[in-house]
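Chemist: Below are the structure tokens for one structure; questions will follow.
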Amino acid sequence: MGENRNENVHSGHRQRMRDRFEKNMDLSLFADHEVLEMMLYAYIPMKDTNEIAHDLLKKFLSVENVLNADPKELETVKGISHRTALSMAFMRQLYRTSALRGGQKLMLAERERLYRYLKELYFGESEEKMNVLFIDVNMCVVSVEQLERGQNDTLKVDMKHLAASVLSSKCTTIVLVHNHPDGDPTPSRDDITTTNRIRYFVKEFGIELIDHFIVGRDNVISMADNGLLYQNDSLE
């Protein structure tokens, strides 16, 4: 009987939380632990998620860090199962994918919106990761594919993997993007050399590399805008 009473209390609390959200549809009116608590309702239907939400914030410090945490790290919090951690990771990827598949296409010319997407893409990453953006004839991003994930601040590109990716995409224009986990997006000499080596390589397949974005903690740098892409057809 005691267990049923607890379930009824939790059920009533959940309904009150849902009613608050339905009234205003504004998460800014909720505390961070309440946002996480409500998110967990879908994954943990039979337990009080308030304590779990507080524990998540103690470990990860913010809602954003929770949403971008590695599933294995999430599982270290009591009450977060493997299934729940994967479900949270799925929602993060769904959000990122929807930014490309929504009604408004992501255009290269709309730098503010594009950079916001790229910073979200790399938020919370502790190691370098390179992606390729496939661009259509209208200069819109049609898809994003991860190429490489680095270790110990190094990133080596598998040219066979790159060739297979760009040829299967059927796009003739691409943009590279990778992050600097230390927060400073300034291109290194290795970034410049690697970018132009890739630019020369894909040109042999009729593919044009038109830019390489480097994502830092607070901003994004375009190598093309800074004159760091070669303008000729071969490496100097």
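Chemist: Please give every one of the lysines within straight-line cross-link reach of Lys78, meaning a C-alpha to C-alpha distance under 21 Å, and leave out same-chain neighbours fewer than 8 residues apart.
Modeler: Lys47, Lys58, Lys59
Chemist: Also, quick follow-up: For Ser143, what residues show an amide H to amide H distance below 5 Å, using hydrogens built from the backbone and excluding near sequence neighbours?
Modeler: Phe134
Chemist: In what sequence, highest mean first, do 54-61, 157-164 appear when ranked by Cβ atoms within 10 angstrom?
Modeler: 54-61, 157-164
Chemist: Can you check what the net charge comes to around His82, using other residues whose Cβ is under 11 Å from the Cβ of His82 (Lys, Arg +1; Asp, Glu -1)?
Modeler: In short, +1.
Chemist: Moving on to the next point. Which peptide among 17-23, 137-143 comes first, and what is the full order, when sorted by highest mean count of other Cβ atoms within 10 Å?
Modeler: Top of the packing list down: 137-143, 17-23.
Chemist: Among Lys119/Lys203; Lys129/Lys156; Lys72/Lys105; Lys160/Lys203; Lys170/Lys203, which pairs are too far apart, with a Cα-Cα distance over 21 Å?
Modeler: With Cα atoms farther than 21 Å apart: Lys119/Lys203; Lys72/Lys105.
No lab work stands behind these numbers, since they all come straight from the coordinates. Predicted model only: the values in this text are computed from it and were never measured. Note that we place each Cβ from the backbone using ideal geometry, even for glycine, and neighbour counts take in every protein chain shown.
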